[in-house]
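These notes concern the structure reproduced below.
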Amino acid sequence: MIKLAIYGKGGIGKSTCTANLAAAFAMRGKKVIQIGCDPKADSTINLLGGTPVTPVMDYLRDHDEEPDRLEQISQRGFGDILCIETGGPTPGLGCAGRGIITTFSLLNELRLFERCQPDVVLYDVLGDVVCGGFAAPIREGYAEKVLIVTSGEKMALYAANNIHNAVKNFEDRSYAKVRGIILNRRNVTDEEQKVRAFAESAGLDIAADIPRSDDITKYEDMGKTVIEGDPECETAKRFFALADLLISEEAENEKS
């Protein structure tokens, strides 16, 4: 099973990258689960035609009892991808990271992985602050690999460095390791040079280079990924290439 956490600064396009990668895996015939670990709860919306799934924390606030069926807190989207959002607390009244921990505990009780038997699980995680809750996907063994989404912008690279350092703190505990960088271009000056310099200094490779494209905005306005909207466009091809790379690596790991 491919278990992948995707981290990045808020607003860097992390959810766009995660949803498109999930869709690419699905188009390759994989059974996929995407779990949005962000209080905004919008990670999976473009897999669901623009209609959001009820976040787990919203469900818990609105009901006296915990859900006893997975269908109460999930929805099937494009490519039969199972979409789940953790959500967050009432603004100003709780810890967003705690929502992730609560959700993961609930999903364990509902035996998510045993019931669904996925080939791929993607965790879309806010990376501005890698506190205990937001580190749960890498700290608790849910994910095995981390991809960091960044552009060449100063604060995006600053966040990427913080995420990398946070993951390194778990290296001696056999937790998730950083697989590489997704360069999500913003067309800033010397962008590729800046990102490559960071990647080299951190000992990482650039696993995918996603061009800045109006196709992404065009299809997101329709509640779609570019994979669904135009699988032959250049942006879609970059996500397919990343999915194929990760699938081939997983196959090699299973052989060894």
*asked:* Contact list please: Cβ distance under 9 Å, first residue in the range 179-198 and under 17 Å from Asn165 (Cα atoms), second residue of a type in the set (Lys, Arg) and assigned to a loop (DSSP other than H, G, I, E, B), pairs at least six apart or on different chains.
replied: Val195/Arg185
*Among Lys3, Lys31, Lys14, which is closer than 29 Å to Asp209 by Cα, charged (D, E, K, R) and surrounded by 24 or more Cβ atoms within 10 Å (Cβ to Cβ)?*
Lys14
*Give the range 25-67 a look and list any residue that's farther than 24 Å from Lys218 by Cα, touching a residue at least 12 places away in the same chain (Cβ under 8 Å) and not β-branched (Val, Ile, Thr), or say none.*
Lys30, Lys31, Cys37, Pro39, Pro55, Met57, Asp58, Tyr59, Leu60, Arg61, Glu66, Pro67
*asked:* Every residue in the range 39-52 that is surrounded by fewer than 24 Cβ atoms within 10 Å (Cβ to Cβ) and in a loop (DSSP other than H, G, I, E, B), please.
replied: Pro39, Lys40, Ala41, Asp42, Leu48, Gly49, Gly50, Thr51, Pro52
*For residues in the range 1-28 being among the basic types (Lys, Arg) and not in a helix (DSSP H, G or I), which is nearest to the chain's Cα centre (by Cα)?*
Lys3
*asked:* Looking at (1) surrounded by 19 or more Cβ atoms within 10 Å (Cβ to Cβ); (2) not in a strand (DSSP E or B), which one does Thr189 not meet, given that it meets all the others?
replied: (1)
_One residue is enough: does the range 233-246 have a residue meeting the conditions touching a residue at least 60 places away in the same chain (Cβ under 8 Å), touching a strand residue (DSSP E or B) at 6+ places or on another chain (Cβ under 6 Å) and of a type outside the set (A, V, I, L, M, F, W, C)?_
no
_When you scan the range 160-168, do you find a residue that is more than 15 Å from the chain's Cα centre (by Cα) and modelled with pLDDT under 80, even just one?_
no
*Looking at Thr90, is it among the β-branched types (Val, Ile, Thr), surrounded by fewer than 18 Cβ atoms within 10 Å (Cβ to Cβ), at pLDDT 90 or above and out of contact with any Pro (no Cβ under 8 Å at 6 or more places or on another chain)?*
no
*Answer yes if at least one residue in the range 221-234 is among the hydroxyl-bearing types (Ser, Thr, Tyr) and out of contact with any helix residue (DSSP H, G or I) (no Cβ under 6 Å at 6 or more places or on another chain), and no otherwise.*
no
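The values are calculated or read from the model by the stated rules, or taken from the named source; none is laboratory data. For clarity, every value in this text was computed on a predicted model and none was experimentally measured. Please note: Cβ atoms are built from the backbone with ideal geometry, for glycine as well, and neighbour counts cover all protein chains shown.
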